[in-house]
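Structure, as structure tokens:
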Amino acid sequence: MKEYPVLGNKDTRSGFGDGLTELGKSNPKVVALCADLTGSLKMNQFENDNPERFFQVGIAEANMIGIAAGLTIGGKIPFTGTFANFSTSRVYDQIRQSVAYSNKNVKICASHAGLTLGEDGATHQVLEDIGMMKMLPHMTVINPCDYNQTKAATIAIADHVGPVYLRFGRPKMPIFISENTPFVIGKALLLNEGTDVTIVATGHLVWPAIEAGKALAEKGISAEIINIHTIKPLDEEAILKSVAKTGCIVSAEEHQIAGGLGESIAQVLSRNNPLPQEFVAVNDSFGESGSPAELMEKYGLDTPNIIAAAEKVITRK
């Protein structure tokens, strides 16, 4: 099992903020809009550096999306920022009609996604956003795994022409992806080669997948681990190449089973190479208030559950 030393601990939202700060210096077309959550989204430095390119719209998320769509007509590259729940559920009509339908070059940047939002509870812990966004034509959906990858993704999406949904989170997480690792939209990142089971993970579940791979190796099980940072377009080639070798797959995500990464993978398998699959995801439930670690354990989104899913799917080959 390949080793991934922890390079530090930092929240992925800081990766977004630092990436946006770099874009402020390198790309004069980039503008930023925020719905009254500048500190939470780590957009302060961009605002300080570029006050004429930052727009605080207040608690008016739908208006923010409309303004962003309009700014693209003048050649700007708008990055909108608010919590993931407000970035999707609250403004879905505006995104569908004003951004996706006309293929506007808006970057919808969403923090505090999933159960790891923690104590704010079920009303804020959006777990269906990936499904909502991936169903929209023209929309690219990205869910990076750590600080470095989030920073790289933020910078990369500025060069991508078309709407993007960039999802990241609140808690500090291990940094294990090198800052020099290229971020290529739509290309999965192979973290470990294996022969017995494929584990594909996204976002905050990538590090637990690596830990699961170590534990499985100690049991004599060789796990191939893939970081799927881009959920749409999905790297179907990487998935099919891996399962052709291992014969089974586990998907792991901080999202509902319905509509998430696992569902997308199941569609790929059903069309090309039907094989056993197990899902590590929230099973048709809202979250609740609690610490991130407690919630991830209670809802089955942790290393032991990935290990159990791997062991189970191997028996189904």
*Which value in deg cm²/dmol, rounded to the nearest 500, describes the helix-derived mean residue ellipticity at 222 nm for the chain, given -39,500 (n - 2.57) per DSSP H run of n ≥ 4 and division by the residue count?*
-10500 deg cm²/dmol
_Residues of segment 129-156 with the amide nitrogen closer than 16 Å to a label point 7 Å from the Cα of Ser26, along Cα-to-Cβ, please._
148-156
*Expressed as an acute angle from 0 to 90° and rounded to the nearest 10, what is the orientation of the C-alpha long axis of helix 206-218 relative to the principal long axis of the chain?*
10
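Compute the Rg/Rh shape ratio of segment 9-174: radius of gyration over Kirkwood radius, all on alpha-carbon atoms.
So for segment 9-174, dividing Rg by the Kirkwood Rh gives 0.92.
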*asked:* Averaged across orientations, what area in nm² does the convex hull of the alpha carbons in the chain project?
replied: 14.6
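Would you tally the net charge around Gly66, using a Cβ to Cβ cut-off of less than 11 Å, leaving Gly66 out, and scoring K and R as +1, D and E as -1?
The answer is -1.
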*Given the pairs Lys42/Lys107; Lys104/Lys172; Lys241/Lys298; Lys134/Lys214, which are separated by over 23 angstrom at their Cα positions?*
Lys104/Lys172; Lys241/Lys298; Lys134/Lys214
_Those chymotrypsin sites (Phe, Trp or Tyr not before Pro) in segment 8-109 that DSSP places in a loop and that have at most 14 other beta carbons within 10 Å_ = Tyr101
*Over all pairs of distinct alpha carbons, what does the Kirkwood formula give as the hydrodynamic radius of segment 189-315, in Å?*
14.3
_Test of understanding: what is the full-extension gain from His138 to Lys317, defined as 0.36 nm times their sequence separation minus their Cα-Cα distance?_
60.8 nm
*Which value, in Å³ per residue, describes the convex hull spanned by the Cα atoms of segment 81-138?*
68
*Note the angle between two axes, namely the Cα long axis of helix 261-272 and the longest principal axis of the Cα atoms of the chain, as a number of degrees from 0 to 90, rounded to the nearest 10.*
60
*For Val141, which sequence-distant residues (separation of 5 or more, or a different chain) have an amide H within less than 5 Å of its own amide H, given hydrogens modelled in the peptide plane?*
Tyr165, Ile231, Lys232
*asked:* If I fit a long axis through the Cα atoms of helix 236-246 and take the longest principal axis of the Cα atoms of the chain, what angle between them do I get, 0 to 90°, rounded to 10?
replied: 20
*First select every other residue whose beta carbon is under 14 angstrom from the beta carbon of Asn27; then total the charges, Lys and Arg +1, Asp and Glu -1.*
+2
*Select from segment 205-263 those trypsin sites (Lys or Arg not before Pro) which occupy a DSSP coil region and have at most 13 other Cβ atoms within 10 Å, ordered by residue number.*
Lys219
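Read-outs throughout are calculated quantities, based only on the coordinates presented, and are distinct from any laboratory measurement. Quantities reported herein were computed from a predicted structural model and do not represent experimental measurements. Ideal geometry is used to build each Cβ from the backbone, glycine not excepted, and the neighbour counts take in all protein chains shown.
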